[in-house]
1. Taking the solvent-accessible surface of protein heavy atoms with a 1.4 Å probe, what is the per residue accessible area of region 24-130 in Å²?
2. So for each of 199-206, 246-253, 145-152, 118-125 I average, over its residues, the number of other beta carbons within 10 Å; can you give me the resulting order with the highest mean first?
3. Once you sort the root eigenvalues of the Cα gyration tensor of region 16-157 as a ≥ b ≥ c, which label holds: rounded (a/c under 1.5), prolate (a/b larger than b/c) or oblate (the other case)?
4. Normalise the Debye intensity by I(0) for the chain, one equal point scatterer per Cα, no solvent, then take log10 at q = 0.07 Å⁻¹ and round to two decimals.
5. Starting from the Cα gyration tensor of region 1-81, take the square roots of the eigenvalues, sort them a ≥ b ≥ c, and report rounded, prolate or oblate (rounded when a/c is under 1.5, otherwise prolate if a/b is larger than b/c, else oblate).
6. Can you tell me the order of 67-77, 18-28 when each peptide is scored by its average per-residue count of other Cβ atoms within 10 angstrom, highest first?
7. Which of the lysines could a cross-linker span from Lys172 if the Cα-Cα distance has to be under 30 Å and same-chain partners fewer than 8 positions apart are dropped?
8. Give me the percent of accessible area attributable to carbon and sulfur for region 61-295, probe 1.4 angstrom.
Amino acid sequence: MPAATRTDPLSFLSDQLNDLKSKGTHFRLRVLDDEQAPVCTFDGKKVINLASNNYLGLTTHPRLREAALDATRKYGVGSGAVRTIAGTMKIHMELEEKIARFKNVEACVVFQSGFTANAGTVSAILGKEDFIISDQLNHASIIDGARLSRAKILVFEHKNIADAEAKLASVKDQPGRKLLITDGVFSMDGDIGAIPALCDLAEKYGAVTMVDDAHASGVLGRNGRGTIDHFNVHGRVDIQVGTLSKAIGALGGYVCGTRELIDFLYQRARPFLFSTSHPPSVAATCIAAFEVLEQEPERIDKLWENTRFFKKELGLLGFDIGGRNTPASETPITPIIIGDGKLTMDFSRELFQEGVFATGIAYPTVPEGKARIRTIMTATHTKEELEQALEVLENVGRRMAILG
Ligand SMILES: *Cc1c(COP(=O)(O)O)cnc(C)c1O
């Protein structure tokens with residue numbers, strides 16, 4: 001049959017796209033022309049980049065580049081198979097050992113991404129008789145993992161310990177296992193999970209604890225060891241997830257815990273079993289990144305210095321940076337709450353035109369009425385760049401009546 005006479009069976013998607021367009025929340029991908037850096041070129045325009053998770057500037061660190069090139073020369077560009085068949089290279093094992101030592105745990109398994117680490121782990125360890133008690137603002141990969149596990153999902157109000165306890169208490173006499181799970185740092189608000197209190201609850205109710213430290217890896221704790229180290233709750237969090245895609249600068253995710261947990265995930269986590277492992281260059285890059293975390297702690301100091309400065313100045317300008325109807329940020333992620341989705345997207349677009357790239361985030365990524373611009377500090381922004389960004393934010397904020 002000639003193609004012209006066939007109606008597109010996917011035409012129903014255009015209604016949904018038009019809906020997004022009419023709400024003003026449809027987006028186009030911004031394309032980076034050069035390196036991921038504090039000042040770089042997106043869509044042909046040079047901007048101050050406040051949108052990147054490259055917290056420590058490691059995406060372009062000379063030592064990481066060299067490690068990637070060296071591994072490529074020695075071992076080629078691909079691993080050739082999934083880990084459980086022929087795709088476990090020595091360098092993959094070295095990376096897992098490196099991370100386990102860094103985090104002071106028995107063992108570690110590396111996944112292709114933080115997303116697959118979460119989704120693969122939650123779905124592997126729980127079944128349909130079990131319960132997952134999950135913070136309302138947990139990352140999508142935790143939610144997807146929970147759904148895949150077919151466990152019953154009990155969502156507690158964000159960081160509300162009394163509500164988390166009520167949820168645990170409601171199922172305490174049921175035979176299923178209970179998993180209490182939280183993000184270490186919440187990616188949309190920049191606040192830190194109530195981890196010590198959740199550990200207390202887990203101990204009281206015999207629940208397993210799991211923390212997703214994607215935005216805390218390389219950011220919080222000694223040398224960037226994450227929230228478990230930040231709160232000194234070593235030994236009280238059974239499953240620690242981290243990412244290699246944000247501060248570490250490359251790509252991947254990992255799970256840390258007991259040797260048994262890791263062995264179980266080797267046997268049962270579906271992304272580990274059914275999706276090819278990292279190219280050797282990625283593993284080598286990540287090994288070098290952990291060495292940099294240990295040897296260049298000044299990067300983390302600089303990240304926090306920039307964070308304190310930028311947050312203080314945003315507040316002084318009069319922006320709503322959380323803490324009114326939204327959680328207050330405690331990390332390099334600082335949201336500027338606007339409320340209306342369309343105004344937020346327009347604000348982001350205007351900022352971009354004026355040379356500042358800060359992503360607009362609206363429903364369904366954040367609740368309706370809580371749309372925001374998200375800003376992220378890095379260690380590599382200079383004071384001058386931050387001052388310039390603040391000036392643009394102020395000017396555009398006034399022009400659009402976001403600031404009074
Ligand atoms: C980014 C993120 C992930 C996913 O990590 P990737 O390595 O990018 O797949 C998981 N959890 C949280 C909280 C995140 O912010």
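The values are calculated or read from the model by the stated rules, or taken from the named source; none is laboratory data. Keep in mind the model is a prediction, meaning the values are calculated, not measured. For neighbour counting, all protein chains shown are included, and Cβ atoms are generated from backbone atoms with ideal geometry for every residue, glycine included. In case anyone asks, the SASA skips ligands and DNA or RNA and just uses the protein heavy atoms, side chains included. Shrake-Rupley method; radii C 1.70, N 1.55, O 1.52, S 1.80 Å.
1. Numbers: 5140 Å² over 107 residues.
On a per-residue basis, 48 Å².
2. 118-125, 246-253, 145-152, 199-206
3. Working: a/c = 1.99, a/b = 1.03, b/c = 1.92.
Oblate, since a/c reaches 1.5 and b/c is not below a/b.
4. Cα-only, vacuum Debye calculation for the chain: -0.35.
5. Judged from the Cα gyration tensor, region 1-81 comes out oblate (a/c at least 1.5, b/c at or above a/b).
6. On the way: 67-77: 15.4, 18-28: 12.5.
Sorting 67-77, 18-28 by mean packing, highest first, produces 67-77, 18-28.
7. Lys128, Lys152, Lys159, Lys204
8. Working: 5010 of 9590 Å².
Using a 1.4 Å probe with all protein chains present, region 61-295 comes out at 52 percent carbon and sulfur.
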